[in-house]
Each structure stands twice: as C-alpha cells, then as structure tokens.
Amino acid sequence: MREGFLVLENFFDDQLMDQYNGLILDHFGESPEFMHSKEFLEKSSTEVIPWFPQNEGVTEFDVVENDQRLNQLTDSILGDGWYSDYSMVMFSGQGTKGQSWHQDCPPDDPRKFNMNRLVYTMDIDADIGGQTAVVPGSHLRGLLPAGKEDNDFDDKLIFEPKKGTVILLHGHTWHKVLPVHGKYRVSTNYRSAPKGTPKGITDICVYQNMRYRFSTSTIVEERS
C-alpha cells in the first residue's frame with residue numbers, strides 16, 4: 001500500500017461474483033432513482049447510486065465480509081484491532097458521469113483514514129466505461145487540490161478490473177470513476193478502518209470544489 005492502493009486479480013471466483021451481480025441487478029432493476037439531492041449530483045459530478053445490502057439483512061454479502069484471506073490481508077495492512085464499517089454497492093447506469101476526483105475522508109490527520117476494499121463482480125473495460133482512476137502516492141500528498149470538478153492529473157493510473165478483482169484503496173488517495181458507456185457498472189465496497197479511527201470517518205467526502213457531509217446532505221465547505 002505504499003502507493004495508496006493494491007490491485008489483486010482473480011481474488012474471488014466467478015460463481016460467487018455472478019451470485020452477487022445477480023442480487024445487485026435484482027435490487028436496482030432497470031432504472032433506479034438517485035438517492036442524493038440535485039445539488040449534490042450537480043456539484044460533485046457524481047452519478048452513483050448506493051445500496052447497503054448487509055444493513056437490509058442480505059446475508060449473502062457476509063461471504064466476502066468473512067473471507068479469511070481478505071481479512072488476513074487487512075490485518076497485515078491495518079494492524080490488530082481494525083474494524084469493518086459496512087458494505088456499499090455502487091451502481092451507475094448507462095450515460096452517467098461516474099464519480100469526479102475525490103477523497104473518501106478528509107486527510108487533515110494522516111493517521112485517521114478508512115480503507116476501501118473494492119470488489120468487482122463484473123468485467124470493466126473501455127467499452128463499458130466506469131474504469132477506476134487513481135493518483136499513485138496521493139494519500140501522502142494531503143488535500144486534493146481545489147478547482148473545477150473536471151480537473152485532471154497527468155500522473156493518474158486507470159484500472160480496468162476484471163470480475164473477481166479486489167482493489168484496496170487508502171481513503172486519502174485521490175480517485176475517481178470514469179463515465180459509463182455500457183448498460184451499467186457496479187462495484188461493492190467493504191469499508192474498513194484502523195483501530196482508533198472514529199466511526200463515521202467517511203461521512204465527509206472531499207471533492208475539488210467542496211467538502212460534503214452525507215449524514216446531513218449539506219455542503220460544509222465550498223472550495224475554489
């Protein structure tokens with residue numbers, strides 16, 4: 001995790017990923033509605049619809065949560081006493097923007113962060129869109145630079161994860177999801193955090209043009 005991310009291909013088998021993908025598509029249906037406000041969607045350039053299956057008692061998502069290999073790997077990165085926050089499925093439909101550059105939690109204290117454990121239940125490529133872009137080492141570079149939401153970084157890497165891939169991502173790493181061209185794009189995020197990290201560390205997300213608090217659906221800081 002020296003670069004702020006780790007990519008693990010073929011981590012989960014196709015059968016489990018197909019089961020998860022089926023559950024996800026059954027939940028969202030053909031044309032799900034956005035949960036966030038119009039203001040958030042416009043200012044964040046983020047068109048992703050979340051679902052929290054474990055919070056609704058969908059126990060099938062516990063299989064990844066309890067995977068011994070994944071948890072041992074998390075132990076080696078976060079140390080003893082880390083905790084799992086929740087699983088969040090992220091759905092983007094055809095023609096949507098994906099997600100603009102952001103940090104999942106504020107980098108004000110470098111010792112306090114979450115780690116995303118992103119599980120891909122489908123192949124993602126240039127035809128489908130929705131690739132994951134990250135800036136290597138940006139978790140050590142502090143606050144995401146302010147500016148317009150469509151600003152870009154020359155040193156970014158773009159990943160096209162295949163079904164069964166896991167990407168571990170430091171919460172301070174600058175990252176985004178590219179626009180979606182195919183019928184849909186999904187990934188499932190099993191969030192975790194080191195011991196001593198406050199619960200709700202991801203309540204405030206940092207974008208280039210704002211800080212946004214999800215629990216109250218409010219902009220807590222305008223950035224320019």
Could you list, ordered by first residue, the pairs with Cβ atoms under 8 Å in which the first is in the stretch 1-27 and over 25 Å from His175 (Cβ atoms) and the second is polar (S, T, N, Q), at least 6 apart or interchain?
Asp18/Thr121
Within the stretch 173-213, how many residues turn out to be over 30 Å from Asp18 (Cα atoms), among the basic types (Lys, Arg) and not in a strand (DSSP E or B)?
2
Within the stretch 127-160, residues of a type in the set (Gly, Ala, Ser) and either in contact with a Pro (Cβ under 8 Å, 6 or more places away or on another chain) or free of Cβ contacts under 8 Å to residues at least 40 places away in the same chain (or both) come out as Gly129, Gly130, Gly142
Unmet criterion (only one of (1) surrounded by fewer than 17 Cβ atoms within 10 Å (Cβ to Cβ); (2) modelled with pLDDT of 95 or more; (3) under 21 Å from Glu47 (Cβ atoms); (4) not hydroxyl-bearing (Ser, Thr, Tyr)) for Leu169:
(1)
Turns out the strands (runs of 3 or more DSSP E) fully within the stretch 1-106 with at least 1 residues that are at pLDDT below 95 are 49-51, 83-93, 99-103
Taking the stretch 66-99 and keeping only residues that are surrounded by 15 or more Cβ atoms within 10 Å (Cβ to Cβ) and of a type in the set (Gly, Ala, Ser), one is left with Ser84, Ser87, Ser92, Gly93, Gly98
Could we say that Lys163 is among the basic types (Lys, Arg), farther than 18 Å from Met1 by Cα, assigned to a loop (DSSP other than H, G, I, E, B) and at pLDDT 95 or above here?
yes
How many residues of the stretch 214-224 are of a type outside the set (Lys, Arg) and either outside any loop (DSSP other than H, G, I, E, B) or in contact with a strand residue (DSSP E or B) (Cβ under 8 Å, 6 or more places away or on another chain) (or both)? The answer is 6
Could you please give the count of residues in the stretch 117-145 that are surrounded by fewer than 23 Cβ atoms within 10 Å (Cβ to Cβ) and polar (S, T, N, Q)?
1
Is at least one residue of the stretch 49-68 out of contact with any Lys or Arg (no Cβ under 8 Å at 6 or more places or on another chain) and closer than 20 Å to Tyr207 by Cα?
yes
Among the residues of the stretch 119-152, which ones are among the small types (Gly, Ala, Ser) and out of contact with any His (no Cβ under 7 Å at 6 or more places or on another chain)?
Ala126, Gly130, Gly137, Ser138, Gly142, Ala146, Gly147
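The values are calculated or read from the model by the stated rules, or taken from the named source; none is laboratory data. What you are looking at is a predicted structure, and each value in this text was computed from that prediction instead of being measured. Every residue, glycine as well, gets a Cβ built from its backbone with ideal geometry; the counts of neighbours run over all protein chains shown.
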